[in-house]
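What follows is a short report on a single structure.
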Amino acid sequence: MSNEVLNSLLKEYEQKKIKAELDLEKRKENLYSLEPKLKQIEDDLNSFAILTAKSILKNGTGSLLELQEKSKILKKEKEEILKSHDLDMDYLKPFYSCTLCNDTGYIADDNHKTQMCSCLKQKLLNISFNKSNMSNLNIENFDNFNENLFSDEVDLAKYKFNVSPKSNIKNIKKKCIEFIDNFDNPNYKNLLFIGNTGLR
């Protein structure tokens, strides 16, 4: 996959992330106009978060417990205000398309190393899949394969082969399935399809 395609997708992700965050700001503005007290609670909770971090750094156990208790009360009040409008706590969070990567395309693994999110991998896979002209696999597959379309006739002069086209295609199908079943086996041989242009 080219860097151009990846960069294009990442720009798309950036736009989605910005859109989700702007949407959150609009929802907050509308809600704050109805419930001004909610904005004060949000501001206080943000201030308490900063004070809590400072208290941890200073090992201020007493003030830390006090801050945690105040935060707990404010969160409960915030929850009650949201419930009065039939909203849950997630309403004041961005509605990202992917909750794993928050529309960034990347997540941190267990070792805190950045890796591609499954949603971005899937998008890249879909692009590759579409470029491979294999978009009709739900129709064009072995389950729908009709060997009766091939002749039982053995005609060496016509087919340059001492078996019938039907026997030949059945053998080809068998080899293909065998190849698929052993696809992850590094000791298994590859397949090579050859023939005149336009043959299917």
Name the single residue that is nearest to residue 180 (Cα to Cα) among those in segment 137-153 being out of contact with any helix residue (DSSP H, G or I) (no Cβ under 9 Å at 6 or more places or on another chain) and part of a helix (DSSP H, G or I). 143
Kindly indicate the residue of segment 52-94 that is of a type outside the set (S, T, N, Q) and touching a Phe, Trp or Tyr at 6+ places or on another chain (Cβ under 7 Å) and also nearest to residue 18 (Cα to Cα) among those meeting that condition. 82
Going through segment 87-119 one residue at a time, which ones are within 23 Å of residue 34 (Cα to Cα), in a loop (DSSP other than H, G, I, E, B) and either at pLDDT 95 or above or open to solvent by less than 60 Å² (accessible area, probe 1.4 Å) (or both)? 87, 94, 95
Return the residues of segment 168-200 that are in a helix (DSSP H, G or I) and either of a type outside the set (Lys, Arg) or over 20 Å from residue 149 (Cα atoms) (or both); say none if nothing qualifies. 168, 169, 171, 172, 176, 177, 178, 179, 180, 181
Does segment 53-60 contain at least one residue that is farther than 30 Å from residue 3 by Cβ and within 35 Å of the chain's Cα centre (by Cα)? yes
Within segment 154-167, tally of residues that are over 20 Å from residue 141 (Cβ atoms) and in a helix (DSSP H, G or I): 6
Flagged in segment 15-56 as touching a residue at least 24 places away in the same chain (Cβ under 8 Å), among the acidic types (Asp, Glu) and in a helix (DSSP H, G or I), in numbering order, are 21, 23, 42, 44
Within segment 120-136, the residues that are outside any helix (DSSP H, G or I) and either open to solvent by 100 Å² or more (accessible area, probe 1.4 Å) or touching a helix residue (DSSP H, G or I) at 6+ places or on another chain (Cβ under 9 Å) (or both) are 133, 135
Residue 55 fails exactly one of (1) among the polar types (S, T, N, Q); (2) under 13 Å from residue 92 (Cβ atoms); (3) surrounded by 14 or more Cβ atoms within 10 Å (Cβ to Cβ), namely (2)
Of (1) surrounded by 14 or more Cβ atoms within 10 Å (Cβ to Cβ); (2) over 31 Å from the mean Cα position of the chain (by Cα), residue 17 satisfies every one except (2)
Lone unmet requirement of (1) of a type in the set (A, V, I, L, M); (2) modelled with pLDDT of 90 or more; (3) over 15 Å from the mean Cα position of the chain (by Cα) for residue 137: (2)
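The values are calculated or read from the model by the stated rules, or taken from the named source; none is laboratory data. As the structure is a computational prediction, the values presented were derived from the model and not from experiment. So basically every Cβ, Gly included, is an ideal-geometry build from the backbone, and we count neighbours across all protein chains shown. What goes into the accessible areas is simple: the full protein's heavy atoms, side chains included, and nothing from ligands, DNA or RNA. Shrake-Rupley method; radii C 1.70, N 1.55, O 1.52, S 1.80 Å.
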